[in-house]
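The values are calculated or read from the model by the stated rules, or taken from the named source; none is laboratory data. On a predicted model such as this, the values are computed, not experimentally measured, just so you know. With ideal geometry, Cβ positions are generated from the backbone for all residues, glycine too; neighbour counts draw on all protein chains shown.
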Amino acid sequence: MSNNKIQGLYAIADTSVIDQDLLLQRTKAVLEGGAAVVQYRDKKNAPALRLQQAQALRQLTAEYDATFIINDDFRLAVEVGADGVHLGEEDGALATARDYFEQNHQHQALIGISCYNQLQLARIAQQQGADYVAFGRCFASTTKPGERYVSRDQLVQARRQLTIPMVAIGGITALNTAELIDAGVDAVAVIAALFNVEDSRQAAASLCQQMN
């Protein structure tokens, strides 16, 4: 799998935001609306439920030929056959995750790294073999209110220095997506504007339209 699998609309199915009963329904809706990537993000449920949800999302994303990423947990990613893992600054080393994937014969697994507003972190991640990096928050955000801001100029500078895909996150809506694409990002990661709305399918379609 090449890292061009990280592009377009990157939907984050975050169980702290989405009602458990609506997780699959809303995720299916955003896939129907055009999401190319889905990340499962859970920091509260018991392992058995996390496994159950991840397995269901893996099956759903496969039906739509979408890339499926697990947040934080590369062991769970291997267990459900996800396409990769996304790691934050407290989620362990990239090399540890890569070794685990290799040991389990998932040689093409994708590893994404959160770089917040720090280009140096992104350069290091690229050097260490990351498949993509994420920057943000880009705008005021309800789900990441305290996260560090990254400016448009920083994104432009990052695009000049990096060869791997860049993902933007934080406060992204259909009204500001185009300026991020113009700045050079390959994908926009969205939570609230996709899952905290009445029509997730239409919300996804509107976001995708801004990336064309």
Of the residues in segment 56-101, those that are charged (D, E, K, R) and either within 16 Å of the chain's Cα centre (by Cα) or more than 24 Å from GLN127 (Cα to Cα) (or both) come to ARG58, GLU63, ASP65, ASP72, ASP73, GLU79, ASP83, GLU89, ASP91
Considering residues that are over 18 Å from the mean Cα position of the chain (by Cα) and in a helix (DSSP H, G or I), the number found within segment 16-29 is 4
Taking segment 94-113 and keeping only residues that are touching a residue at least 40 places away in the same chain (Cβ under 8 Å), within 24 Å of ASP153 (Cβ to Cβ) and touching a helix residue (DSSP H, G or I) at 6+ places or on another chain (Cβ under 8 Å), one is left with none
Residue hits (segment 72-86; closer than 11 Å to LEU110 by Cβ, out of contact with any Lys or Arg (no Cβ under 7 Å at 6 or more places or on another chain) and outside any helix (DSSP H, G or I)) are GLY84, VAL85, HIS86
ALA36 fails exactly one of (1) in contact with a Cys (Cβ under 7 Å, 6 or more places away or on another chain); (2) hydrophobic (A, V, I, L, M, F, W, C); (3) surrounded by fewer than 22 Cβ atoms within 10 Å (Cβ to Cβ), namely (1)
**Report entry** VAL185 being over 19 Å from CYS115 (Cα atoms) and β-branched (Val, Ile, Thr)
**Finding:** no
Of the residues in segment 30-69 that are in a loop (DSSP other than H, G, I, E, B) and without any contact (Cβ under 8 Å) to a residue 24 or more places away in the chain, the one that is farthest from LYS5 (Cα to Cα) is ALA46
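Mind listing whichever residues of segment 130-146 are at pLDDT below 95 and either farther than 14 Å from VAL167 by Cβ or of a type in the set (Phe, Trp, Tyr) (or both)?
In the first step, residues of segment 130-146 are kept if they are at pLDDT below 95; the result is 136-146.
Within segment 130-146, PHE139, ALA140, SER141, THR142, THR143, PRO145, GLY146 qualify.
Looking only at segment 80-93, how many residues end up being touching a helix residue (DSSP H, G or I) at 6+ places or on another chain (Cβ under 7 Å) and surrounded by fewer than 17 Cβ atoms within 10 Å (Cβ to Cβ)? Let's see the steps before the verdict.
Our first condition is that a residue be touching a helix residue (DSSP H, G or I) at 6+ places or on another chain (Cβ under 7 Å); within segment 80-93, this holds for 80-85, 87.
So of that shortlist, the ones also surrounded by fewer than 17 Cβ atoms within 10 Å (Cβ to Cβ) come out as 81.
Total satisfying the criteria: 1.
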SER206 passes all but one of the listed conditions (1) over 19 Å from GLY34 (Cβ atoms); (2) modelled with pLDDT of 95 or more; (3) out of contact with any Cys (no Cβ under 6 Å at 6 or more places or on another chain); (4) not basic (Lys, Arg); the exception is number (1)
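Take segment 87-97 and flag every residue that is of a type outside the set (A, V, I, L, M), part of a loop (DSSP other than H, G, I, E, B) and within 17 Å of GLY129 (Cα to Cα). I'd like the intermediate steps shown before the answer.
So the first thing to find is which residues in segment 87-97 are of a type outside the set (A, V, I, L, M), and the list is 88-92, 96.
From what is left, the residues that are part of a loop (DSSP other than H, G, I, E, B) are 88-92.
If the condition is that a residue be of a type outside the set (A, V, I, L, M), part of a loop (DSSP other than H, G, I, E, B) and within 17 Å of GLY129 (Cα to Cα), then GLY88, GLU89, ASP91, GLY92 are the ones that fit.
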